[in-house]
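**Q** Let me begin by handing over the structure; questions about it come next.
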Amino acid sequence: MTSNQNTDVVPVEVHAGPGVASTTLTYVIHRFGALQQYAPRPITRISVRVTRPRDTTTPGLLRVGAGLSIGDRLLRAEGVGNSVISAVDLACDRLRRQLSNLPHGRRGDYVPHHQAAH
């Protein structure tokens, strides 16, 4: 099942296997779309894939992998959990931390004044 839905903030493309509820897809789109508030520049695209890992002996384990494009950068994160919601929350938190570490402003080559060569 593939859902490509435009939210108010940023387009979120979700790829999921059969059996994923539409309410779950709505949650995924909402959580990842809300990451724009942490971004120093507009996010141009978010792609999310929900899968079941093949290399696990634990039934019910889910993996959520996400890629986020901001400017010329691609940020990636993964979350693994017993439910889609827990895996999504992990991946979102990891992307949020990466976004907060990006330099703010319009230029991606920002160097803090204490690290700049004089």
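**Q** In contact with a helix residue (DSSP H, G or I) (Cβ under 6 Å, 6 or more places away or on another chain) and at pLDDT 95 or above: is that true of A77 in this structure?
**A** Considered against the rule, which asks whether it is in contact with a helix residue (DSSP H, G or I) (Cβ under 6 Å, 6 or more places away or on another chain) and at pLDDT 95 or above, A77 comes out as yes.
**Q** Scan region 38-72 residue by residue and report those that are over 19 Å from T23 (Cα atoms) and under 13 Å from the mean Cα position of the chain (by Cα).
**A** Residues satisfying the conditions are Y38, A39, I43, T44, R45, G67, L68, S69, I70.
**Q** Out of everything in region 91-118 that is at pLDDT 90 or above and out of contact with any Asp or Glu (no Cβ under 8 Å at 6 or more places or on another chain), what residue ends up being nearest to V20 (Cα to Cα)?
**A** C92
**Q** Can I ask one more? Looking only at region 30-46, which residues are out of contact with any Asp or Glu (no Cβ under 9 Å at 6 or more places or on another chain) and crowded, with 20+ Cβ neighbours inside 10 Å?
**A** Once the filter is applied, which keeps residues that are out of contact with any Asp or Glu (no Cβ under 9 Å at 6 or more places or on another chain) and crowded, with 20+ Cβ neighbours inside 10 Å, region 30-46 yields F32, L35, A39, I43.
The values are calculated or read from the model by the stated rules, or taken from the named source; none is laboratory data. In this text, all values refer to a predicted model and were calculated from it rather than measured experimentally. As a convention, Cβ positions derive from the backbone with ideal geometry for all residues, glycine included, and neighbour counts pool all protein chains shown.
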